[in-house]
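The values are calculated or read from the model by the stated rules, or taken from the named source; none is laboratory data. From a predicted model like this one, the values you see are computed outputs, not experimental measurements. Quick reminder, even Gly has a Cβ in these numbers, built from the backbone with ideal geometry, and neighbours come from all protein chains shown.
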């Protein structure tokens, strides 16, 4: 698979190594480069395919005719699996994990294995019976809305600050190294 087989219609991605393909989907606020260290361990056994999800890195923000959703992002990323020409080992972290689950459900014949790291499956809380679970879903949705709105208004740092502080504790973003802050801001569109 080469970049020209996917682009310009598909996501930006990079590959490394040879062998059985591994499609690795990154977390929110990151890019496919998140998997760089993993690729060093794959040499000679696996071919890592590491895309930038829509709105991250060099992949444009979602511009599909349908609204951005985990299902639509899964369909978008599934192009990479089909272009690989054989089933893949599918890895997903956080939001990438949610997308990976949807891909595996839609295309089980194209997935050799599924590895999830902290998958963001908060939608399971939306229809939960317990009021506390539904309240947690509402809180998570509100934080996501605030972060998205801040980025859309040209203030990605404010959005990332709210997101990071929600998940890691008050002032986590303020205590993040300037180098890492700069890298995260560049990854989010």
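Which members of the range 86-99 meet the condition of being closer than 17 Å to residue 45 by Cα and assigned to a loop (DSSP other than H, G, I, E, B)?
Step one: list which residues in the range 86-99 are closer than 17 Å to residue 45 by Cα, which gives 86-91.
Answer for the range 86-99, where residues must be closer than 17 Å to residue 45 by Cα and assigned to a loop (DSSP other than H, G, I, E, B): 86, 87.
Go through 87, 51 for me and flag whichever is touching a strand residue (DSSP E or B) at 6+ places or on another chain (Cβ under 7 Å), surrounded by fewer than 20 Cβ atoms within 10 Å (Cβ to Cβ) and over 21 Å from residue 167 (Cβ atoms). First the steps, then the outcome.
Values: 51 fails: surrounded by fewer than 20 Cβ atoms within 10 Å (Cβ to Cβ).
Result of the check over 87, 51: 87.
Say we look at the range 1-26 and pick out the residues that are surrounded by 18 or more Cβ atoms within 10 Å (Cβ to Cβ) and outside any strand (DSSP E or B); which of these is modelled with the lowest pLDDT? Spell out the reasoning first.
Applying the first criterion (surrounded by 18 or more Cβ atoms within 10 Å (Cβ to Cβ)) to the range 1-26 yields 6, 11-15, 17, 21-26.
Filter again for outside any strand (DSSP E or B), leaving 6, 11-12, 17, 26.
Numbers: 6: 44, 11: 87, 12: 90, 17: 90, 26: 95.
Here the residue is 6.
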Identify the residue in the range 39-82 that is more than 16 Å from the chain's Cα centre (by Cα) and touching a residue at least 24 places away in the same chain (Cβ under 8 Å) and, among all such residues, is nearest to residue 105 (Cα to Cα).
82
Condition check: out of contact with any strand residue (DSSP E or B) (no Cβ under 8 Å at 6 or more places or on another chain), on the phi > 0 side of the Ramachandran plot and surrounded by 16 or more Cβ atoms within 10 Å (Cβ to Cβ). Does residue 57 satisfy that?
yes
Where a residue in the range 119-144 is under 20 Å from residue 162 (Cβ atoms) and its partner, wherever it lies, is modelled with pLDDT under 90 and assigned to a loop (DSSP other than H, G, I, E, B), with Cβ under 7 Å and at least six apart:
137/122; 140/122
If we keep just the residues of the range 172-189 that are out of contact with any helix residue (DSSP H, G or I) (no Cβ under 7 Å at 6 or more places or on another chain) and modelled with pLDDT of 85 or more, which is farthest from residue 68 (Cα to Cα)?
175
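Got a sec? Which of 142, 100, 150 is in contact with a helix residue (DSSP H, G or I) (Cβ under 6 Å, 6 or more places away or on another chain) and either at pLDDT 90 or above or surrounded by 18 or more Cβ atoms within 10 Å (Cβ to Cβ) (or both)? Even if it seems obvious, please write down each step before you answer.
Values: 142 fails: in contact with a helix residue (DSSP H, G or I) (Cβ under 6 Å, 6 or more places away or on another chain); 100 fails: in contact with a helix residue (DSSP H, G or I) (Cβ under 6 Å, 6 or more places away or on another chain).
That would be 150, the only listed residue that is in contact with a helix residue (DSSP H, G or I) (Cβ under 6 Å, 6 or more places away or on another chain) and either at pLDDT 90 or above or surrounded by 18 or more Cβ atoms within 10 Å (Cβ to Cβ) (or both).
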Looking at this structure, is residue 29 in a loop (DSSP other than H, G, I, E, B), surrounded by 16 or more Cβ atoms within 10 Å (Cβ to Cβ) and not assigned by TED's automatic domain parsing to the domain that holds residue 153?
yes
